[in-house]
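Below is one structure, written out as structure tokens; comments come after it.
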Amino acid sequence: MDTATDAARPAAPAGSGRDHVVVFPFMAKGHILPLLHLASALAALPTGDAGATASLRVTVVTTPGNLAFARRRLPARVALVALPFPAHPVLPPGAESADALPSHSLFPAFLRATALLREPFASYLASLPAPPPLALVSDFFLGFTQRVADAAGVPRVTFHGMSAFSLALCFSLATAPRPPPPPPIENGIDGGAAALRVPGFPEGFTIAEDEVPHAVAQAADVDDPVTRFLLDEVRDWEHRSWGVLVNSFDALDGDYAPLLESFYLPGARAWLVGPLFLLAAAGEDVDGDEDPEGCLPWLDERAEGSVVYVSFGTQAHVSAAQLDELAHGLVGSGHAFLWAVRSSSDSDAWSPPVDAGAAGGKVVRGWVPQRRVLAHPAVGGFLSHCGWNSVLESMAAGRPVLAWPVMAEQAANAKHVSDVLGAGVRAGVKAGLGSGAAPELVGRERVAAKVRELMDGGEAGERMRARAEDVGRAARAAVGEGGTSRLALQRMVDELRWSYGGGGGDDDERRDAARAEPNV
């Protein structure tokens, strides 16, 4: 093994491999954070032996550039291992997280670089004392980990960072025949796109063509470099996982778990164990006390429910032209706002074209303790890109969402929140764009109108806020004593331990079935 890896790795853990879980997140903040929460929650579980009080031993695998971020958010009892990040000719030195890339165009190269971690990771697993770990939990982007886990005799649980609803929707759409294109526009009249019926979903559930998640639309383009990577490195391995870990909870997502399980080997389970940030060890706030921008004191001076919080996450790239329209629209809405503008090639040189402060707004560019912001009484709603982490955080805080999907499965999350849960409203952005299409520019008038709909909204707005609060209560109940998510995590560990010692036949049959053609 590489000496740098040895230096970063703690001494070989003592005890049985059946008490050891290895967690390997993909190197992007939105993917790392939930698995750090999982690691904390696993480390707080008993091993399951009768009368045992010892915790599972948990190790998180990452790279040197992500060590400090992970360590600040993990309890000391969780070990960290650093595998050297592979060199790639087009990636800048030190870019070891997808959100640190100077341009989204470098993301395909970043994916290819992460695939080169296969041999170092195999060496790490081989260096552990026998018997092998109880399980590996790894991100779906790290498809090579399935091959490494198979060779080491370790069950792998895959993680997508998506809801059961969105993941099942994407899988169903990806495997269903696509309908014919909509009729052409004639005499200025749009023939309209037919609603798509989604196999496996409840009768009456349909989506419009422009609601198809970007992840599915992009998958139709086999020349797209991300699609090519998924075909080469992920598709043939994903379905072989022992199970799929879902950062959601039964009251929100349980109806879609059986459909999701149908895309994996017989016997695989979808384990709904979220919200993981709530399930993490009690009293540990992985946001920490960091508030370098002074967001919380600023909110302390605002009236209850008066502020709309705005964030497009850590990976979505928003053009300078769209940032301008957002700024004008937020000011024009008449509502105070707290806007987290991420660093990117467009936004670094951007400055607001209007005086946000005079309009009761605050624009920040540094770290924002998002969960604490959303939980603050002054925040009345969240204008969000609808990444699943952000949706969960907003729902757990009981805050309705103004859904503005940008990429990946975010259009599915937007539909889930607004149309299924009734806990949000959509901005009307066409999210089902082909990978080569320019994103729609949403004008300031629509921005202002949608913010007012979120924050005012009359009786419809009250119902939306009430639904968000209902979902928040259900989320907290799911992770409490006897809650569905807490029980699911314990049962997953118990089932892994039962199958570990050759409980037997079912595992053997599933390994044989793995030779079958993939069905995702």
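Just so you know, all these numbers are worked out from the coordinates, no wet-lab data involved. Computed from a predicted structure; not experimentally measured. Glycine gets a Cβ as well: all are built from the backbone with ideal geometry, and neighbour counts include every protein chain shown.
The Stokes-Einstein estimate for the range 47-173, based on a Kirkwood radius over Cα pairs and taken at 25 °C with 0.890 mPa s viscosity, is a diffusion coefficient of 147 µm²/s. Full extension of the segment from Glu440 to Ala321, taken as 0.36 nm per residue of separation minus the current Cα-Cα distance, would add 41.8 nm. Amide hydrogen proximity for Leu196: with H placed 1.01 Å from N in the peptide plane, the residues at 5 or more positions away or on another chain lying under 5 Å are Ile207, Ala208, Glu209.
Electrostatic tally near Gly161: other residues with Cβ closer than 10 Å to its Cβ, Lys and Arg +1, Asp and Glu -1, net -2. One decimal place: the segment Arg235-Thr206 gains 7.9 nm when fully extended, by the rule 0.36 nm per residue minus the C-alpha distance. A cut-off under 14 angstrom between Cβ atoms defines the neighbours of Asp255, and their net charge, with Lys, Arg +1 and Asp, Glu -1, is -4.
Between Trp498 and Ala151, 0.36 nm times their residue separation minus their Cα-Cα distance comes to what?
So the extension gain works out to 122.9 nm.
In the neighborhood of Glu462, defined by Cβ-to-Cβ distances under 12 Å, what is the net charge if each Lys or Arg adds +1 and each Asp or Glu adds -1? Taking every Cβ under 12 Å from that of Glu462, the sum is 0. Among the trypsin sites (Lys or Arg not before Pro) found in the range 17-119, those both in a DSSP coil and sparsely packed, with 15 or fewer other Cβ atoms within 10 Å of their Cβ, are Arg72, Arg77. Annotation for Ala174 and Glu481: the two label points, set 7 Å from Cα along the Cα-Cβ direction, are 4.2 nm apart.
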